[in-house]
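Just passing along the structure, written as structure tokens.
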Amino acid sequence: MKLVCIPAYNEEQNIANIVNASKKFVDSVIVCDDGSTDNTTKVAKEAGAIVLEHKKNQGYGAAIATLFDYARNENADVMITIDGDGQHDPNQIPLLLDVITTHNVDVVIGSRSLDNANTPKYRKAGIKIITSAANYATDIKVSDSQSGFRAYSNSAISEIHPTENGMSVSTEILLKISNKGLSIAEVPISVSYEGDTSTQHPVSHGTGVFANTIKYVSIRHPLLFYGLPGIILFLGGLGLGISFLDTYLYQQQVFYGSLLGSIVLLLIGSVLMVAAVLLFSMANLIRDKN
């Protein structure tokens, strides 16, 4: 069974076209209405989609998690996720399906960066920055970490259990792909930015996703994220302490600022280094159990 799964929030203007265009490529189209206040559910049902409803808006990630649960319960062979805002072209679904079925890949991402002629410059820059951070956090290399146009094999559906409610779910899924050793590929897709295709301002959206991506960097690489700053601060505190002692012993002068600064830097540096070691050990234990 092949499914197209669409997370949607107040998309009554776009949802019918997306459902109708998607139906010809798969067995069923599933829409998760994430607490819409318009007629998204009604329009999607009339277009022939199966609709899963959230009573209140929980976020893009929560909708994706609900769609994963549905696909898992149905034992779907392939699950294609496509955004409900009209940016993605459902007629490009076969591009992702072909890679999944022909090349036996677990996850295929439709990348805006491989065919980005119509992508605004500020979006290109944002995609590049967030993707660079995501690649570092997940230890895999993709060109568009935030694309919502993806295809998942049965194995991937079984292994991936998203928990993030917000837009950072895209990075979380990449991290799970890396942890589970799933194979991944990309295909170029075109994207439409005409009209009102986004319900969130790109700056606030990008800032939020980047902040959450940094969280995953800190989890995946705690020694570098916490340990290196800790060492630098500790050495800085040590240097101030030596300077304080030198001035006190040879000039009989007391610089309380140097003493206080030394104590603060030594404490913060020590805490960061201990935290880095503990998080590194915990992360390795979790990976070993998985």
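The values are calculated or read from the model by the stated rules, or taken from the named source; none is laboratory data. The shown structure was predicted, so the numbers you read here are calculated from the model rather than taken from an experiment. Cβ placement follows ideal geometry from the backbone for every residue including glycine, while neighbour counts extend to all protein chains displayed. Heavy atoms of the whole protein, side chains included, go into the accessibility calculation; ligands, DNA and RNA do not. Shrake-Rupley method; radii C 1.70, N 1.55, O 1.52, S 1.80 Å.
Checking Ser155 against (1) open to solvent by 10 Å² or more (accessible area, probe 1.4 Å); (2) in contact with a Leu (Cβ under 9 Å, 6 or more places away or on another chain); (3) touching a residue at least 24 places away in the same chain (Cβ under 8 Å); (4) within 25 Å of Ser218 (Cα to Cα): exactly one of these is not met. Which one?
(4)
Farther than 17 Å from Ile160 by Cβ, open to solvent by less than 20 Å² (accessible area, probe 1.4 Å), of a type in the set (Asp, Glu) and within 21 Å of the chain's Cα centre (by Cα), is that true of Asp34? Before the answer, list the steps.
Details: farther than 17 Å from Ile160 by Cβ: yes; open to solvent by less than 20 Å² (accessible area, probe 1.4 Å): yes; of a type in the set (Asp, Glu): yes; within 21 Å of the chain's Cα centre (by Cα): yes.
Criteria met by Asp34.
Say we look at region 174-192 and pick out the residues that are without any contact (Cβ under 8 Å) to a residue 60 or more places away in the chain and under 19 Å from Ser132 (Cα atoms); which of these is most open to solvent (accessible area, probe 1.4 Å)?
Initially, region 174-192 is screened for residues without any contact (Cβ under 8 Å) to a residue 60 or more places away in the chain, giving 174-176, 178, 181.
With under 19 Å from Ser132 (Cα atoms) added as a condition, the list becomes 174-176, 178.
Numbers: Leu174: 0, Leu175: 21, Lys176: 52, Ser178: 29 Å².
This residue is Lys176.
Here is a follow-up. Go through (1) open to solvent by 80 Å² or more (accessible area, probe 1.4 Å); (2) part of a helix (DSSP H, G or I) one by one and return the number of the condition Gln253 breaks.
The failed condition is (2).
Would you pick out the residues in region 42-69 that are part of a helix (DSSP H, G or I) and surrounded by fewer than 19 Cβ atoms within 10 Å (Cβ to Cβ)?
Here is the first cut: in region 42-69, the ones part of a helix (DSSP H, G or I) are 42-46, 60-69.
If the condition is that a residue be part of a helix (DSSP H, G or I) and surrounded by fewer than 19 Cβ atoms within 10 Å (Cβ to Cβ), then Lys42, Lys45, Glu46, Asp69 are the ones that fit.
Right, another one. Looking at region 103-110, can you tell me whether even one residue there is modelled with pLDDT under 95, open to solvent by 70 Å² or more (accessible area, probe 1.4 Å) and farther than 24 Å from Asn165 by Cβ?
Checked region 103-110: at least one residue is modelled with pLDDT under 95, open to solvent by 70 Å² or more (accessible area, probe 1.4 Å) and farther than 24 Å from Asn165 by Cβ.
Going through Asp34, Asp27 one at a time, which residue ends up being in contact (Cβ under 8 Å) with a residue 24 or more places away in the chain, charged (D, E, K, R) and out of contact with any His (no Cβ under 6 Å at 6 or more places or on another chain)? Spell out how you get there, then give the answer.
On the way: Asp34 fails: out of contact with any His (no Cβ under 6 Å at 6 or more places or on another chain).
The unique qualifying residue is Asp27.
Conditions first: (1) surrounded by 15 or more Cβ atoms within 10 Å (Cβ to Cβ); (2) at pLDDT below 95. Gly195 passes all but one, so which condition is the exception?
Among (1) surrounded by 15 or more Cβ atoms within 10 Å (Cβ to Cβ); (2) at pLDDT below 95, Gly195 violates only (1).
Here is a further query. Are any residues in region 1-31 more than 24 Å from the chain's Cα centre (by Cα) and of a type in the set (Gly, Ala, Ser), and if so, which ones?
Ala16, Ala21, Ser22, Ser28
Follow-up question, since we're still on this one. Using the structure shown, decide if Gly148 is outside any helix (DSSP H, G or I) and open to solvent by 10 Å² or more (accessible area, probe 1.4 Å). So that I can check it myself, show each step before the final result.
Working: outside any helix (DSSP H, G or I): yes; open to solvent by 10 Å² or more (accessible area, probe 1.4 Å): no.
Answer is no for this residue.
Whether any residue in region 80-88 is farther than 15 Å from Ala151 by Cα, surrounded by 22 or more Cβ atoms within 10 Å (Cβ to Cβ) and without any contact (Cβ under 8 Å) to a residue 60 or more places away in the chain is what I want to check.
Taking every residue of region 80-88 in turn, none turns out to be farther than 15 Å from Ala151 by Cα, surrounded by 22 or more Cβ atoms within 10 Å (Cβ to Cβ) and without any contact (Cβ under 8 Å) to a residue 60 or more places away in the chain.
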